[in-house]
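I have placed the structure first, in the form of structure tokens, so that the comments after it can refer back to it.
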Amino acid sequence: TDAAPLVLLALSELMVMLVAGIDLSVGAVAGLTGALAATMMLLGFPWPLALFLALLAATSAGLLQGVVINYLHITDFIATLAGLSIFSSLTLIVTNGEPLNINDNGFNAIGESHILGIPDQVWIAGLMVIVVALFLGLSASGAYLYAIGGNRVAAYRAGIRVRRLRSLAYAFSGFSAGLAGVIFAAQLATADPNAGRGDELPAIAAAVIGGVYLFGGRGTVWGVLLGALLLSTILDGLVLLNISPFYTELVEGVVILLAVMLGYLKKRSTV
């Protein structure tokens, strides 16, 4: 179950990396989503409405970044790095820098309940995997995303709405990251102001391990799923072996480097 949020964050990265982008703000968006949902429930909002509005905010945050990138021509790295800083700061403002306890059993059930013996969060992540796989495999828009990542200029000349689809890819990234934030908050029954911080690195690592090409146009949902599960297993193994958490980011960095090198070598061998 610890892998469910990572799968959702890796799906965020998959969608933007397919169109030759990157999203460094996914962890910050996840943290902000949980904080907004908790705040609205504390104000008396029913949990389904609080959940809907928080996810709407997460999707809007992603879409805003997509518009800035594609219509104002700010590079993905700079725009989402700015987003990381802005959304992290908003989370601290919303929570006043303190954890917010969530006492709504309906919301907390997302992180605790089971259906047919399987945790709800696994069902959520699994449903998202299936939806994205169907979208990329069966829809024209899914094929266009691969085309945009493969050659943006050629896609534009072929009549594909490049800027609109790239913006929507970032909107999806925000939504999927928001779902991860909801799971984080429901697992702990608390909106932690530090939730999601630093999770962009393992999300990118999971996508790269799963075979997603950093420069766009290549990658599959199933590869990302396997990458997220593998990375989650590695990180959990470090904990079980009582290895210092100081080594976690070192391992993630080495894994990303090795995955990129292997992908590069594989590409060269096929040329």
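To test your reading of the geometry: what angle, between 0 and 90 degrees and rounded to tens, separates the Cα axis of helix 248-270 from the longest principal axis of the chain?
20 degrees
About the Cα centre of the chain, how large is the charge dipole given +1 on each Lys and Arg Cβ and -1 on each Asp and Glu Cβ? Please answer in debye to the nearest 20.
1400 debye
So if I take the alpha carbon set of segment 131-271, get Rg, then get Rh from the Kirkwood formula, what is the Rg over Rh ratio?
We get a ratio of 1.02 for segment 131-271.
Check which residues have an amide H placed less than 5 Å from ARG218's amide H, if you skip close sequence neighbours.
The answer is TYR213.
Can you tell me the orientation of helix 221-240 relative to the chain, as the angle in degrees between its alpha-carbon axis and the longest Cα principal axis, to the nearest 10?
Approximately 50 degrees, to the nearest 10.
Which loop-located GluC sites (Glu not before Pro) does segment 164-255 contain, where loop means any DSSP state but H, G, I, E or B and the Cβ has at most 14 other Cβ atoms within 10 Å?
none
At 37 °C and 0.692 mPa s, grab the translational diffusion coefficient of segment 182-258 from Stokes-Einstein with a Kirkwood Rh over Cα pairs, rounded to a whole number in µm² per second.
The calculation lands on 241 µm²/s.
Where does helix 162-188 land angle-wise versus the long Cα axis of the chain, in degrees 0 to 90, nearest 10?
The angle comes out at about 30 degrees.
Just ASN96, ASN194, ASN242 to compare: in a GNM of the chain, with alpha carbon springs under 10 Å, which one fluctuates most?
Of ASN96, ASN194, ASN242, the Gaussian network model singles out ASN242 as fluctuating most.
Distance in nm between label sites at LEU240 and ASN105, each 7 Å beyond Cα in the beta-carbon direction?
3.4 nm
Summarise the accessible area of segment 20-119 (1.4 Å probe, protein heavy atoms) by the percent that is carbon and sulfur.
71 percent
What is the Cα convex hull volume of the chain when expressed per residue in Å³?
135 Å³
Return the FRET efficiency for the residue pair VAL153, LEU250: r is the Cβ-Cβ distance, R0 is 35 Å, and the value is rounded to the nearest 0.05.
Calculated value: 0.35.
Treat every Asp and Glu Cβ in segment 72-190 as -1 and every Lys and Arg Cβ as +1, leave all other atoms uncharged, and give the resulting dipole magnitude about the Cα centre to the nearest 20 debye.
The calculation lands at about 900 debye.
Just going by the charge dipole of the chain, with Lys and Arg at +1 and Asp and Glu at -1 on Cβ, which of GLY181, LEU240, TYR144 is farthest out on the positive end?
Going by the Cα projections, it comes out as TYR144.
Pick out which of VAL29, VAL153, VAL67 has the largest mean-square fluctuation in a Gaussian network model of the chain, springs linking Cα atoms closer than 10 Å.
Highest fluctuation among the options: VAL153.
Where the convex hull is taken over the Cα atoms of segment 4-111, what is its projected area averaged over directions, in nm²?
6.9 nm²
Return the Rg/Rh ratio of segment 84-166 with Cα-based radii and a Kirkwood Rh.
1.19
Send over a whole-number figure in Å² for the accessible area per residue of the chain, probe 1.4 Å.
The answer is 49 Å² per residue.
The values are calculated or read from the model by the stated rules, or taken from the named source; none is laboratory data. Keep in mind it's a predicted model, so treat the numbers as computed, not measured. Heads up, the Cβs are rebuilt from the backbone with ideal geometry, glycines too, and the neighbour counts pull from every protein chain shown. With ligands, DNA and RNA removed, areas are computed over all heavy atoms of the protein, side chains included. Shrake-Rupley method; radii C 1.70, N 1.55, O 1.52, S 1.80 Å.
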